[in-house]
Amino acid sequence: MGATETIAKWIVNTTYEDIPPDAIRVASESCFDLLGVILAGSTQPVSEIIQQYVADQGGSPQATVLSSGVQSTMPNVALANGTMGHALDYDDFGGFGHPTVAIFPALLAIGENTGATGRDLMEAYVVGCEIGLALQHVTKYNQMDKGFHATAVIGHMASTAACAKLMKLDEQQTTMALGMAGSMAGGLIHNFGTMTKPLHAGLVGRDAITAAQLAQRGLTAGDKIVEHPLGFARTVLGQGIYDLDEMAENLGKPFRVQDALMVKKYPCCGGNHSMLDSLFSLMREHNFTYEDVESAEVDQPYLSIVMMYGEPADPLQGKFSSQYNVAAALVDNEIAIDTFSAEKLADPAVQETMKKVRNRVVAKAVEGSVDFEQGIPIRITLKDGRVFEHTTSRQDILGSQHNPWGFDNIKSKFQVNAGMVLSESGVADAVDTWSDITQVTDIASALKRTLVKSGD
């Protein structure tokens, strides 16, 4: 068998009982977190545009856009919920960009339309996520070197695998769906810091459902999309950096979900998070403020090229600026949703502090350069001459599985995010319903009760 056939068989044959309980738990927590992030994200300008676009499209009322309650076709709803889920860059990350926002909005739309259970969604989510994690694991971020956004590229394959699983496609149909997904995959890092970055996530969910639906109806595609010399892996990811047969044969050996996903504490690019954890640690330990700081230096590895805005022109660019994040953290001693507003960006204290921050991206060819996985060193020099330095490794970011934030904090984050849209009682109902998704017996009825503004 080729790699694509092996992958399709694994997707079809893997069951909920095959998945480790820790993988189910981590998946459920990440999807619960995303539901709150979608609600908070629905208030953003890009989300207002996408909600209006979907409303204007009309279509069969197959599924529900969260917050607004607008109904449309499953692909349209996945487009809206996925875009809103990534609007704040507050959704989880790890493995292949942003796994949950690439996968779960599509499953939620399908699940609502088909009467699936929470267990069905978690089974499909883990199966799809494992496909994405396996592809990312063997490519070593190679697609980033080429300017591709992993969420949009690998996410297409992962989300389509998940949709195929939830829709109970057979091996041939699953192979065809993956073939279509390979041709749909795309998304460029140049669009980071614009509304198109969250649109990437919405397009993934829309396309994944479309591929699964068309495969179910008999539309054909190449049956060796992963391994063919003109297929997905070589064309998109690069040649000679993987053993595709070994990758396919070792899916689930072991499962990776329970180690890979990281719930975000800060609503900004994940490239900031180890740096921010280090900075806040230094501020707590040494009790200094922005007024005490002479300079701040940040060494970025080559793979942090996404931190591309030294002087962000708007809040979206601010999410991809280490200078802005360091300055805002020093001034406010926090990074929150309101950090990325026009008012905060124009704050004179933040603007003045940004001038003290030096960001150095170390070329990948430089011997001894900063390792992406080992974290981003930050050095603070105070006006009194003291110098402090700290590095937090990627695996130790607060919210990673090595340094978990804890479910109580995830729930608190959900309550704050959902509270931007829902009433106090609505938030409570949403927590009761979705905090353990495996206990949801009918997705459609659960959505009717929760996650949509009541209008009171």
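The values are calculated or read from the model by the stated rules, or taken from the named source; none is laboratory data. Since this is a predicted model, take the numbers as computed values, not measurements. Heads up, the Cβs are rebuilt from the backbone with ideal geometry, glycines too, and the neighbour counts pull from every protein chain shown.
Residues that are in contact with a helix residue (DSSP H, G or I) (Cβ under 6 Å, 6 or more places away or on another chain) and in a loop (DSSP other than H, G, I, E, B) within segment 437-450 comprise VAL440, THR450, listed in sequence order. Scan ASP91, ASP22, ASP56, ASP33 and give me the residue that is in a loop (DSSP other than H, G, I, E, B) and either touching a residue at least 40 places away in the same chain (Cβ under 8 Å) or surrounded by fewer than 24 Cβ atoms within 10 Å (Cβ to Cβ) (or both). Going through ASP91, ASP22, ASP56, ASP33 in turn, the sole match is ASP91. Restricting attention to segment 79-87, does a residue exist that is in a loop (DSSP other than H, G, I, E, B), assigned by TED's automatic domain parsing to the domain that holds ILE50 and in contact (Cβ under 8 Å) with a residue 12 or more places away in the chain? Yes, segment 79-87 contains at least one residue that is in a loop (DSSP other than H, G, I, E, B), assigned by TED's automatic domain parsing to the domain that holds ILE50 and in contact (Cβ under 8 Å) with a residue 12 or more places away in the chain. Screening THR175 on (1) touching an Asp or Glu at 6+ places or on another chain (Cβ under 7 Å); (2) within 26 Å of GLN395 (Cβ to Cβ); (3) surrounded by 24 or more Cβ atoms within 10 Å (Cβ to Cβ) shows it passes everything except condition (2). Pairs are defined by a Cβ separation below 6 Å, a sequence spacing of at least 6 or placement on different chains, a first member in segment 229-249 that is in the same structural domain as ALA152 (by TED's automatic domain parsing), and a second member that is among the acidic types (Asp, Glu); the pairs so defined are LEU244/GLU227. GLU285 meets each of the listed conditions (1) within 13 Å of PRO267 (Cα to Cα); (2) assigned to a helix (DSSP H, G or I) apart from (1). Filtering segment 224-242 down to residues that are modelled with pLDDT of 85 or more and hydrophobic (A, V, I, L, M, F, W, C), which residue is farthest from the chain's Cα centre (by Cα)? It comes out as LEU230.
Taking segment 373-403 as the range and being surrounded by 14 or more Cβ atoms within 10 Å (Cβ to Cβ) and free of Cβ contacts under 8 Å to residues at least 40 places away in the same chain as the test, the residues that pass are GLN374, GLN395, ASN403.
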